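Trainee: Mind having a look at this structure? Questions to follow.
The values are calculated or read from the model by the stated rules, or taken from the named source; none is laboratory data. The model shown is predicted, which means the values in this text are computed figures rather than measured ones. Quick reminder, even Gly has a Cβ in these numbers, built from the backbone with ideal geometry, and neighbours come from all protein chains shown.
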Amino acid sequence: MIDVTIFFAYNLDMPLTTKLHPFDDETAKKTPSEAGAYELLYKDTVVYIGSSGTSIRSRICNHRKRKTFAKVTAFRYRKFEWAEDALDLEGKLCKSFKRKNGGKRPRLQQRTPINRNLFDW
């Protein structure tokens, strides 16, 4: 069987995977401990794009502990054998997001003044 997610990396109009995973401790602990790129979502909206050169699991678990990510409801990812591939896909996903959203970054990656509340959304 062919892993169809392998074709998604180079088509920026396609998501990382078709499957959304709930953003909870149990699912985070089952996430692969490999290099990869991922998106965090609030409802159906991408609010963060990231990558890990060593372990998607450790990054997702770290995000779960931070108050900034309290409203995240789901995530999706793509694992890679090489860290460089994960970083490359993260860059492509960010560029695609900005192109589709008038140059804006995902909500939790916007450069904001200290007094602006990220939770007012």
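Trainee: Kindly provide the set of residues from the stretch 58-83 that are touching a residue at least 12 places away in the same chain (Cβ under 8 Å) and out of contact with any strand residue (DSSP E or B) (no Cβ under 8 Å at 6 or more places or on another chain), ordered by number.
Mentor: Scanning the stretch 58-83 gives C61, R64, T68, A70.
Trainee: Follow-up. Considering each residue of the stretch 85-108, count those that are part of a loop (DSSP other than H, G, I, E, B) and under 18 Å from F75 (Cβ atoms), and give that number.
Mentor: 2
Trainee: Moving on. Just checking, which of A74, A37 is surrounded by fewer than 21 Cβ atoms within 10 Å (Cβ to Cβ) and under 25 Å from K100 (Cα atoms)?
Mentor: Checking each option against the conditions leaves just A74.
Trainee: Search the stretch 47-57 for residues being touching a strand residue (DSSP E or B) at 6+ places or on another chain (Cβ under 8 Å) and not in a loop (DSSP other than H, G, I, E, B), and hand back the single one that is farthest from Y77 (Cα to Cα).
Mentor: V47
So that you can scan it fast, the table gives a plain yes or no per residue for (1) in a strand (DSSP E or B); (2) of a type in the set (V, I, T); (3) at pLDDT 95 or above:
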site: M1; (1), (2), (3): no, no, no
site: L16; (1), (2), (3): no, no, no
site: E26; (1), (2), (3): no, no, yes
site: P32; (1), (2), (3): no, no, no
site: L40; (1), (2), (3): yes, no, yes
site: R59; (1), (2), (3): no, no, yes
